[in-house]
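Working notes, structure below.
The values are calculated or read from the model by the stated rules, or taken from the named source; none is laboratory data. Please read these numbers as outputs of a predicted model, since none were measured by experiment. No Cβ is skipped: glycine too gets one built from the backbone with ideal geometry, and neighbour counts run over all protein chains shown. Note: accessible area is taken over every heavy atom of the protein model, side chains too, but ligands, DNA and RNA are not part of it. Shrake-Rupley method; radii C 1.70, N 1.55, O 1.52, S 1.80 Å.
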Amino acid sequence: RGHDVTQYLLNSFGGAGGQHACLVADALGMTSVLIHPMSGLLSAYGIGKATVFASRQKAVLLPLDSSNLGELKSVAMTLSSAVLEEMTSQGISDDACAWQSILHIRYEGSDSTLPVTFAGFDVTVAKTEFEAAHKSQFGFIYDNRALVVETVEVTGTGATSRGKDETVQDAAPF
């Protein structure tokens, strides 16, 4: 892009960052490298602060209409069970999970799906949201083309930042 990086400071992080920073700096013609004393802990700290998340998907290839609502709900419930099993194995209880059901919808005859939240299992709302997303993404919508649900997805996100092997430390800071 035309930037001269030789006058920049290369910031190294991660467990092996310090081992490679000088070679990278030499290759780029840089003369300064910053290696923070705690740089090896940054990745571990980030993993420790990350939210626990699980997701499952299943291809269904069903028209988006009310006659398939029962089957879409059934698939979502089956996927929810698998997600809940994974979340509980990581120490997150059902009441500490935020759930989301998503339909990946496309127009019949196209290959581009768009994810639409399937809140309340309402087909009409899903169709409206798909059309808004399609218009935003592609600039148009079809008036008379059928919609196809290609995939049902369920995600669970832990509302706690602790996993099963972590405990809260109530000790005073001093």
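Being on the phi > 0 side of the Ramachandran plot and either of a type in the set (V, I, T) or touching a residue at least 24 places away in the same chain (Cβ under 8 Å) (or both) is true for just one of L42, L103, L61. Which residue is that?
Working: L42 fails: on the phi > 0 side of the Ramachandran plot; L103 fails: on the phi > 0 side of the Ramachandran plot.
Step by step, each of L42, L103, L61 is checked, and only L61 is on the phi > 0 side of the Ramachandran plot and either of a type in the set (V, I, T) or touching a residue at least 24 places away in the same chain (Cβ under 8 Å) (or both).
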Flagged in region 27-73 as exposed (fewer than 11 other Cβ atoms within 10 Å of the Cβ) and of a type in the set (K, R), in numbering order, are K49
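For (1) assigned to a strand (DSSP E or B); (2) in contact (Cβ under 8 Å) with a residue 40 or more places away in the chain, each residue gets a yes or a no:
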residue	(1), (2)
V116	yes, no
V125	no, no
E129	no, no
T151	yes, yes
For region 126-162, which positions are open to solvent by 60 Å² or more (accessible area, probe 1.4 Å), hydrophobic (A, V, I, L, M, F, W, C) and under 28 Å from E86 (Cβ atoms)? A159
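Based on what the data block shows, is A76 in a helix (DSSP H, G or I), open to solvent by less than 50 Å² (accessible area, probe 1.4 Å) and in contact (Cβ under 8 Å) with a residue 24 or more places away in the chain? Lay out the reasoning, then the answer.
Working: in a helix (DSSP H, G or I): yes; open to solvent by less than 50 Å² (accessible area, probe 1.4 Å): yes; in contact (Cβ under 8 Å) with a residue 24 or more places away in the chain: yes.
Yes, satisfied.
Which ones in region 111-124 are at pLDDT 95 or above and open to solvent by less than 80 Å² (accessible area, probe 1.4 Å)?
Taking region 111-124 as the starting set, the residues that turn out to be at pLDDT 95 or above are 113-116.
Within region 111-124, T113, L114, V116 meet the criteria.
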